[in-house]
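Just below is one structure, and these are the notes that go with it.
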Amino acid sequence: MATPTTYGLEEFVADMQELVRSWPDQGTLFDRGSAYLDRLIRNPDAIPDERAYAHFLAAMASTNSTARNAALAQAGLDGPDRVAFIAGLGSLKADLDAVTQMRKSGESPDRILQRQRAATEGARSRIQQMVSADGYRRLEAHIRTDVKRGIRIYRAPMMHTPEAAR
């Protein structure tokens, strides 16, 4: 029996390169390209760990304590590790609120991304230092499986009209 394979970025790029090399008409390019993209975004492994952590940490920083404790229990963290996790979040909510203000003020996308990454990576590093080694392993496993599986990537709707092909 063959082992099922996941469709990742490398396969997507190879399929798209092959498609473009075949010089398809606009309709075929759109239909097959859309099918490849849909297949890619349905694969949780296509989501980088960094993005999954950022997603989870932002959710934990901005949710109420009851929901946060339930999510951390589901991740397998015991009481002391939950307390350590929450302490490790530190000022992440305020940092992400500042990122939102940067967006509103028209700050450059590179600076916004840099600030957002610094905030989430700082929280991740603090959490790693504060929770037990076993708790951090459980957290990583939860993020790489359950969190990634729950993230939905929405692509912008593409318009395929004869006018767009001109």
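Each value in this text was obtained by applying a stated rule to the coordinates, not by laboratory testing. Since this is a predicted model, take the numbers as computed values, not measurements. For neighbour counting, all protein chains shown are included, and Cβ atoms are generated from backbone atoms with ideal geometry for every residue, glycine included.
Considering the dipole of region 49-150 built from charges on the beta carbon (Lys and Arg +1, Asp and Glu -1) around the Cα centre, which of Gln129, Ala61, Gly79 is farthest to its positive end?
Ala61
Compute the long axis of helix 65-74 from its Cα atoms, compare it with the longest principal axis of the Cα atoms of the chain, and write down the angle in degrees, 0 to 90, nearest 10.
70 degrees
If you find the alpha carbon centre of region 4-45 and of region 80-97, how far apart are they in angstrom?
Their Cα centres are 39 Å away from one another.
By how many degrees, 0 to 90 and rounded to 10, does the Cα axis of helix 26-41 deviate from the longest principal axis of the chain?
20 degrees
Can you give me the convex hull volume of the Cα atoms of the chain, divided per residue and expressed in Å³? Intermediate values should be presented prior to the final figure.
Values: hull volume 28.4 nm³, N = 166.
So the per-residue hull volume is 171 Å³.
Tally Lys and Arg at +1 and Asp and Glu at -1 over the other residues with C-beta under 11 Å from the C-beta of Gly76: what net charge comes out?
Working: positive: Arg82, Arg137, Arg138; negative: Asp78, Asp81, Asp134, Glu140, Asp146.
Net local charge, Gly76 excluded: -2.
Taking K and R as +1 and D and E as -1, what net charge do the other residues with C-beta under 11 Å from the C-beta of Arg124 add up to?
Details: positive: Arg117, Arg126; negative: Asp49, Glu50, Glu121, Glu140.
Spelling it out: positives minus negatives among the neighbours equals -2.
Which order do peptides 62-70, 20-28, 45-53 fall in by mean Cβ count within 10 Å, highest first?
45-53, 62-70, 20-28
Give a residue-ordered list of calculated ³J(HN,Hα) values for region 113-129 (Karplus: 6.51 cos²θ - 1.76 cosθ + 1.60, θ = phi - 60°; whole Hz; x for Gly, Pro).
Computed from phi, the couplings for region 113-129 are 4, 4, 5, 5, 5, 4, 5, 6, 5, x, 5, 4, 5, 4, 4, 4, 6 Hz.
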